Amino acid sequence: MKREKKEGKKEKAINLILSGLSDGLLLVEGKHDVKTLARLGFRSYTYNSFIKAAAYAPRQTKVFILGDRDRRGIEKSEIVAGMLCDLGFEVDTESGMRLLKILNSSSVEEIYAPMVQALNLERKT
């Protein structure tokens with residue numbers, strides 16, 4: 001009973017984060033992260049591809065940065081967030097970190113299996 005309740009809270013927290021992410025642009029470190037998110041139904045862009053196009057993107061768009069939870073990933077996220085803030089974008093780095101933490105993952109490319117399990121996607125698809 002406690003386990004089911006805990007899993008329900010986890011699923012609710014994940015869905016809340018995913019709902020927020022669907023309201024903006026998702027930026028990730030690399031092409032493997034893009035592929036993982038695509039498998040989950042999300043379109044995302046690598047830092048490099050988005051920064052090159054940022055001059056043409058609408059500034060009212062919220063940008064979510066989903067970086068890895070290691071030192072290097074956090075540093076990259078901070079650098080990219082700073083650049084985008086300087087260009088006038090609203091940037092969120094916390095939602096991605098919360099998602100990774102809830103899924104007990106250290107990188108975006110690792111989230112597919114835990115996400116499927118947490119949201120019981122196997123039964124729905």
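The values are calculated or read from the model by the stated rules, or taken from the named source; none is laboratory data. Source: prediction; values computed, not measured. Here the Cβ positions follow ideal geometry from the backbone for every residue, glycine too, while neighbour counts run over all protein chains shown. SASA here: full protein model, heavy atoms, side chains in, ligands and nucleic acids out. Shrake-Rupley method; radii C 1.70, N 1.55, O 1.52, S 1.80 Å.
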- Item | Unique residue being touching a residue at least 24 places away in the same chain (Cβ under 8 Å), out of contact with any helix residue (DSSP H, G or I) (no Cβ under 7 Å at 6 or more places or on another chain) and either of a type in the set (A, V, I, L, M, F, W, C) or open to solvent by 40 Å² or more (accessible area, probe 1.4 Å) (or both) when the list is A53, A57 | A57
- Item | Residues within the range 50-62 that are outside any helix (DSSP H, G or I) and farther than 20 Å from L18 by Cα, tallied | 3
- Query: Has the range 19-28 got any residue that is open to solvent by 40 Å² or more (accessible area, probe 1.4 Å) and part of a helix (DSSP H, G or I)?
  - Reply: yes
- Message: Return the residues of the range 67-125 that are within 18 Å of S44 (Cβ to Cβ), in contact with a helix residue (DSSP H, G or I) (Cβ under 7 Å, 6 or more places away or on another chain) and open to solvent by 80 Å² or more (accessible area, probe 1.4 Å); say none if nothing qualifies.
- Response: R69, M83, R98, E109
- Message: Here are the criteria: (1) of a type in the set (F, W, Y); (2) part of a strand (DSSP E or B); (3) free of Cβ contacts under 8 Å to residues at least 40 places away in the same chain. Tell me which single one F42 does not satisfy.
- Response: (2)
- Task: Could you list all residues from the range 29-50 that are surrounded by fewer than 16 Cβ atoms within 10 Å (Cβ to Cβ) and modelled with pLDDT under 90?
- Result: N48, S49
